[in-house]
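Structure, as structure tokens:
The values are calculated or read from the model by the stated rules, or taken from the named source; none is laboratory data. The structure displayed is predicted, hence computed values, not measured ones. Note: ideal-geometry Cβ built from the backbone for every residue, glycine included; neighbour counts use all protein chains shown.
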Amino acid sequence: MIHARGLVATFVTGKGKSKREVRAVDGVDLDIAEGEVVGFLGPNGAGKTTTLRMLTTLLRPTAGTATVNGYDVTTESVQVRRSIGYVSQMGATFSQALAGDEVADHGQLYGMSRRDAVRRGKELFAQLQLDGLWDRMPKNMSGGQRRRLDIAMGLIHDPTLVFLDEPTTGLDPQARANLWEHISKLRTERGATVFLTTHYLDEADALSDRIMIIDNGRIVAADTPENLKSQVSGDLVHLEFGAGEPVARAAAQLESLGATEIRVDGVGVRARLRGSAKVVPGLLRELEASGNTIESIEIMRPTLDDVFLTLTGRSLRDAEAAADTEEMSDEISA
Ligand SMILES: Nc1ncnc2c1ncn2[C@@H]1O[C@H](COP(=O)(O)OP(=O)(O)OP(=O)(O)O)[C@@H](O)[C@H]1O
Ligand SMILES: [Mg+2]
């Protein structure tokens with residue numbers, strides 16, 4: 001469905017002496033099969049949007065080749081555009097038209113009849129919870145409503161290949177959950193192929209068959225969420241004891257169990273431990289037998305953020321994971 005080899009995008013910024021070249025995408029290869037939902041993850045400036053713009057023919061690659069739906073992005077850009085849906089990160093720019101008209105016009109651009117475009121548009125408005133907003137001007141909508149309108153525009157012609165650039169940014173949790181469901185249905189009910197970028201790790205994890213992680217313009221990992229997470233060396237185990245307990249003993253025992261990244265802080269100890277479900281019960285019994293009072297135990301399965309950290313030594317900027325992440329980077333640097 002999508003094949004790219006050695007995609008490169010460079011931009012020249014500044015003038016005169018401050019002129020320099022930004023290599024936004026630096027040799028990207030990718031293969032996406034029909035019916036796959038692929039999540040494209042990476043920090044700000046990693047090259048996600050630039051990659052998508054090349055695949056959707058909005059930007060000519062500096063080097064490399066790509067085909068989308070069997071069409072070459074440089075020599076058959078019209079065919080590529082006709083065969084895809086694209087929701088850009090910025091959203092579409094709107095005239096003074098009413099939202100519904102705008103969406104229906106967009107459908108007609110793709111060759112739909114007015115009637116079909118209106119019918120499908122109204123269906124999408126209902127599914128994306130935009131009821132009652134057909135006759136509203138987009139500029140008078142809330143940010144989250146406009147974002148959902150962008151998505152309706154991108155899907156109006158029922159494309160079987162959809163590119164979504166941060167579709168859920170700015171949506172409230174309920175709208176986000178609703179959109180997740182919609183994206184899942186695109187695949188299950190319409191057999192669509194979806195390529196979406198996101199900063200939300202939980203989103204990529206929940207929606208994607210496969211995840212590609214890009215950093216500094218290069219793909220650093222591409223695999224199923226499960227396989228990616230299994231690359232991280234173990235679960236994060238956090239034990240807390242009553243005041244004055246010999247935490248060091250627990251740390252030593254964890255070490256003897258093969259734990260890594262062991263870190264003692266006050267009354268607690270944290271560590272990475274492979275197969276924690278198997279070994280933690282025994283560890284707890286031993287600690288209790290030797291007189292320790294365990295106040296709490298927490299076991300966290302590796303997240304995609306951990307994967308990114310393992311791969312790049314840096315954390316993905318994910319607001320929700322920010323707290324965990326900070327602790328993690330402390331541990332790595334400790
Ligand atoms: N038109 C341009 N001119 C100059 N530099 C650009 C241009 N477009 C993108 N860049 C640079 O290319 C790099 C990659 O940008 P891109 O928008 O692809 O990142 P991204 O992964 O989508 O980030 P974000 O998560 O912030 O959306 C950045 O350093 C950006 O500043
Ligand atoms: Mg972007």
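Going through the stretch 205-219 one residue at a time, which ones are away from ligand 1 (no atom under 13 Å from the Cβ) and either in contact (Cβ under 8 Å) with a residue 40 or more places away in the chain or of a type in the set (D, E, K, R) (or both)? If the condition is that a residue be away from ligand 1 (no atom under 13 Å from the Cβ) and either in contact (Cβ under 8 Å) with a residue 40 or more places away in the chain or of a type in the set (D, E, K, R) (or both), then 205, 207, 208, 209, 210, 211 are the ones that fit. When the test is whether a residue is within 16 Å of ligand 1 (Cβ to nearest atom), among the small types (Gly, Ala, Ser), closer than 22 Å to residue 311 by Cα and not in a strand (DSSP E or B), residue 46 passes it.
Residues in the stretch 14-31 that are more than 13 Å from ligand 2 (Cβ to nearest atom), outside any helix (DSSP H, G or I) and not β-branched (Val, Ile, Thr): 14, 15, 19, 20, 21, 23, 26, 27, 29, 30, 31.
Look at the stretch 236-264 and say how many of its residues are modelled with pLDDT under 85 and either part of a loop (DSSP other than H, G, I, E, B) or over 20 Å from residue 290 (Cα atoms) (or both). Residues meeting the conditions: 5. List every residue pair whose Cβ atoms sit under 8 Å apart, with the two residues 6 or more apart in sequence or on different chains, where the first one lies in the stretch 78-91 and is within 12 Å of residue 110 (Cβ to Cβ) and more than 16 Å from ligand 1 (Cβ to nearest atom) and the second, anywhere, is among the polar types (S, T, N, Q) and at pLDDT 90 or above. Note: pairs meeting the criteria are 81/56; 81/57; 83/69; 83/160; 84/56; 84/69.
Checked against (1) at pLDDT 95 or above; (2) farther than 25 Å from residue 70 by Cα, residue 25 passes all but a single condition, namely (2).
Of 72, 101, all but one fail to be in the same structural domain as residue 200 (by TED's automatic domain parsing) and at pLDDT 95 or above; the exception is 72. Selection of the stretch 206-228 for residues being surrounded by fewer than 23 Cβ atoms within 10 Å (Cβ to Cβ) and in a strand (DSSP E or B) yields 210, 215, 218, 219, 220, 221, 222, 223. When the residues of the stretch 153-187 are filtered to those that are polar (S, T, N, Q) and within 16 Å of ligand 2 (Cβ to nearest atom), the one that is surrounded by the fewest Cβ atoms within 10 Å (Cβ to Cβ) is 169. Scanning the stretch 32-65 for residues that are within 22 Å of the chain's Cα centre (by Cα), away from ligand 2 (no atom under 16 Å from the Cβ) and not acidic (Asp, Glu) yields a count of 5. Working carefully through the options 80, 8, 73, find the one that is under 20 Å from residue 219 (Cβ atoms) and surrounded by 21 or more Cβ atoms within 10 Å (Cβ to Cβ). On inspection, the qualifying residue turns out to be 73. When residues of the stretch 16-43 are filtered for being near ligand 1 (Cβ under 8 Å from one of its atoms), among the β-branched types (Val, Ile, Thr) and closer than 18 Å to residue 5 by Cα, how many remain? Qualifying residue count, the stretch 16-43: 1. Of the residues making up the stretch 93-107, none is within 16 Å of ligand 1 (Cβ to nearest atom) and surrounded by 16 or more Cβ atoms within 10 Å (Cβ to Cβ). Candidates 51, 62: the one that is at pLDDT 95 or above and within 9 Å of ligand 1 (Cβ to nearest atom) is 51. Taken over the stretch 139-149, the criterion of being crowded, with 24+ Cβ neighbours inside 10 Å and either touching a residue at least 40 places away in the same chain (Cβ under 8 Å) or within 16 Å of ligand 2 (Cβ to nearest atom) (or both) is satisfied by 149 alone. Taking the conditions (1) within 16 Å of ligand 2 (Cβ to nearest atom); (2) not in a helix (DSSP H, G or I); (3) not charged (D, E, K, R) in turn, residue 194 satisfies each one other than (1). Filtered by the rule that a residue be among the hydrophobic types (A, V, I, L, M, F, W, C), in contact (Cβ under 8 Å) with a residue 40 or more places away in the chain and not in a helix (DSSP H, G or I), the stretch 273-294 gives a lone residue, 294.
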